[in-house]
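Participant: The structure under discussion is supplied below as structure tokens; questions concerning it will follow.
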Amino acid sequence: MGTKVKIGIIGGSGLSKPDILKGGQEKEVNTPFGKPSDVLICGEIEGVPCVLLSRHGRGHTIMPTNVNFRANIWAMKEMGCTHLLVTTACGSLQEGIHPGDVVVIDQFIDRTQKRIQTFFDGAPLSPLGICHMSMADPFCSRTSKMLYESGKNLGLSIRETGTMLTIEGPRFSSRAESKLWNSWGAHCINMTTVPEVILAKEVGLCYASMALVTDYDSWREGEEGVNVENVMKIFKQNSSNALKILLDVIPKIAKEDWTKTLEDYKNAVTMNTLLPHS
Ligand code: ADE
């Protein structure tokens with residue numbers, strides 16, 4: 001018998017409703033890094049134990065810079081999660097990627113400026129050492145592939161890979177910035193993938209992200225740039241696609257043996273951590 005899986009879900013507005021979990025119980029937690037964005041909701045999807053967290057709080061009150069990413073990830077790990085399946089609204093940076101599409105992200109470009117990207121910060125309650133985590137492959141390719149296969153089988157418009165460019169926000173990009181990101185070849189733009197995926201890797205979680213495309217950012221000539229009204233309208237529609245994928249993929253994930261994958265991720269953390277020596 002392999003490791004028992006527990007699925008953490010970090011979602012945006014449309015995915016923070018507890019009714020997607022059966023028997024959902026609210027749990028208030030604290031961590032050495034402070035409080036997560038909201039209560040954790042513990043329950044089941046298709047008989048598989050799951051924990052749901054709203055990244056910006058259920059009332060959407062926490063702006064990207066102020067999301068306590070470390071507390072969110074630490075709390076999920078402490079709850080015993082093996083996997084983190086997350087959704088994020090994003091803009092398209094390339095022709096061929098349209099509002100309503102789902103992109104399974106496999107790379108990122110970091111344009112954030114104010115975020116702590118490690119648990120290994122030398123504080124008394126933090127893990128010991130300094131961690132230089134490899135970011136060559138930031139996401140769990142095995143979990144990501146399963147998300148993609150589910151989306152494809154459900155007939156959704158879904159891309160297997162994509163590079164997410166994460167900006168600090170809360171403002172959107174200028175037209176000049178947006179054209180630059182487009183010329184760099186990034187596929188999507190958001191405000192939260194960094195440092196979330198980095199921190200998940202530091203605690204050895206299988207992390208995969210469904211990016212829900214809401215807009216074309218501001219790189220297209222002669223078109224209105226991105227605005228909140230459009231993002232929220234499309235995001236609410238897109239969230240039901242993400243929910244369909246989650247309901248389909250979670251039982252499939254639970255049927256597989258993740259022991260070796262989780263062991264590999266744990267070893268990667270140990271191998272990349274320098275412990276103090278005299
Ligand atoms: N989230 C949704 N659309 C976005 C955009 N165009 N830029 C940054 N974050 C986003």
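The values are calculated or read from the model by the stated rules, or taken from the named source; none is laboratory data. What you see is a predicted model; the values in this text were computed from it and never measured. When we count neighbours, we look across all protein chains shown, and the Cβ atoms used for this are built from the backbone with ideal geometry, even at glycine.
Participant: If I ask for residues that are at pLDDT 95 or above and within 19 Å of Ile253 (Cβ to Cβ), which ones from region 1-39 would you list?
Facilitator: Val5, Lys6, Ile7, Gly8, Ile9, Ile10, listed by residue number.
Participant: Given the residues Ile41, Ile62, which is the only one that is farther than 16 Å from Lys244 by Cα, without any contact (Cβ under 8 Å) to a residue 40 or more places away in the chain, hydrophobic (A, V, I, L, M, F, W, C) and touching a helix residue (DSSP H, G or I) at 6+ places or on another chain (Cβ under 6 Å)?
Facilitator: Of Ile41, Ile62, the one residue that is farther than 16 Å from Lys244 by Cα, without any contact (Cβ under 8 Å) to a residue 40 or more places away in the chain, hydrophobic (A, V, I, L, M, F, W, C) and touching a helix residue (DSSP H, G or I) at 6+ places or on another chain (Cβ under 6 Å) is Ile41.
Participant: Take the residues of region 65-113 that are over 14 Å from Arg159 (Cα atoms) and among the acidic types (Asp, Glu): which is surrounded by the fewest Cβ atoms within 10 Å (Cβ to Cβ)?
Facilitator: By that ranking, first place goes to Glu78.
Participant: Working only within region 50-64, note down all residues that are over 16 Å from the mean Cα position of the chain (by Cα) and surrounded by 19 or more Cβ atoms within 10 Å (Cβ to Cβ).
Facilitator: Result: no residue meets the conditions.
Participant: How about region 106-150: which of its residues are part of a loop (DSSP other than H, G, I, E, B), among the charged types (D, E, K, R) and under 23 Å from Ile250 (Cα atoms)?
Facilitator: Answer for region 106-150, where residues must be part of a loop (DSSP other than H, G, I, E, B), among the charged types (D, E, K, R) and under 23 Å from Ile250 (Cα atoms): Asp106, Asp137.
Participant: Take Glu263 and decide whether it is away from the ligand (no atom under 12 Å from the Cβ) and touching a Phe, Trp or Tyr at 6+ places or on another chain (Cβ under 9 Å).
Facilitator: no
Participant: Pairs under 6 Å by beta carbon, first residue modelled with pLDDT of 95 or more in region 147-174, partner surrounded by fewer than 17 Cβ atoms within 10 Å (Cβ to Cβ) and among the polar types (S, T, N, Q), six or more apart or different chains?
Facilitator: Once the first residue is modelled with pLDDT of 95 or more and sits in region 147-174, its partners that are surrounded by fewer than 17 Cβ atoms within 10 Å (Cβ to Cβ) and among the polar types (S, T, N, Q) give Glu168/Gln113.
Participant: Identify, from the list Val194, Val86, Val103, the residue that is closer than 26 Å to Leu52 by Cα and assigned to a helix (DSSP H, G or I).
Facilitator: None of the others qualify; the one that does is Val194.
Participant: Scan (1) among the β-branched types (Val, Ile, Thr); (2) within 13 Å of the ligand (Cβ to nearest atom); (3) modelled with pLDDT of 95 or more for the single condition Ile198 breaks and write down its number.
Facilitator: (2)
Participant: Could you check how many residues of region 260-278 are without any contact (Cβ under 8 Å) to a residue 60 or more places away in the chain and closer than 16 Å to Lys77 by Cβ?
Facilitator: Within region 260-278, residues that are without any contact (Cβ under 8 Å) to a residue 60 or more places away in the chain and closer than 16 Å to Lys77 by Cβ number 2.
Participant: Among the numbered criteria (1) surrounded by fewer than 24 Cβ atoms within 10 Å (Cβ to Cβ); (2) under 30 Å from Leu21 (Cα atoms); (3) in contact (Cβ under 8 Å) with a residue 40 or more places away in the chain, which single criterion is violated by Lys255?
Facilitator: (3)
Participant: Taking Lys236 as the residue in question, decide whether it is touching a helix residue (DSSP H, G or I) at 6+ places or on another chain (Cβ under 8 Å), charged (D, E, K, R) and farther than 24 Å from Arg111 by Cβ.
Facilitator: It is true that Lys236 is touching a helix residue (DSSP H, G or I) at 6+ places or on another chain (Cβ under 8 Å), charged (D, E, K, R) and farther than 24 Å from Arg111 by Cβ.
Participant: If you don't mind, another one. From Asp121, Asp137, which residue is under 17 Å from the mean Cα position of the chain (by Cα) and surrounded by fewer than 15 Cβ atoms within 10 Å (Cβ to Cβ)?
Facilitator: Testing whether each residue is under 17 Å from the mean Cα position of the chain (by Cα) and surrounded by fewer than 15 Cβ atoms within 10 Å (Cβ to Cβ) leaves just Asp137.
Participant: Still on this structure, I have one more. Identify the residue in region 206-225 that is closer than 21 Å to Ile105 by Cα and outside any strand (DSSP E or B) and, among all such residues, is nearest to the ligand (Cβ to nearest atom).
Facilitator: This residue is Asp217.
Participant: Being closer than 21 Å to Ile45 by Cα and either free of Cβ contacts under 8 Å to residues at least 60 places away in the same chain or within 12 Å of the ligand (Cβ to nearest atom) (or both) is the filter here; which residues of region 226-251 pass it?
Facilitator: Asn238
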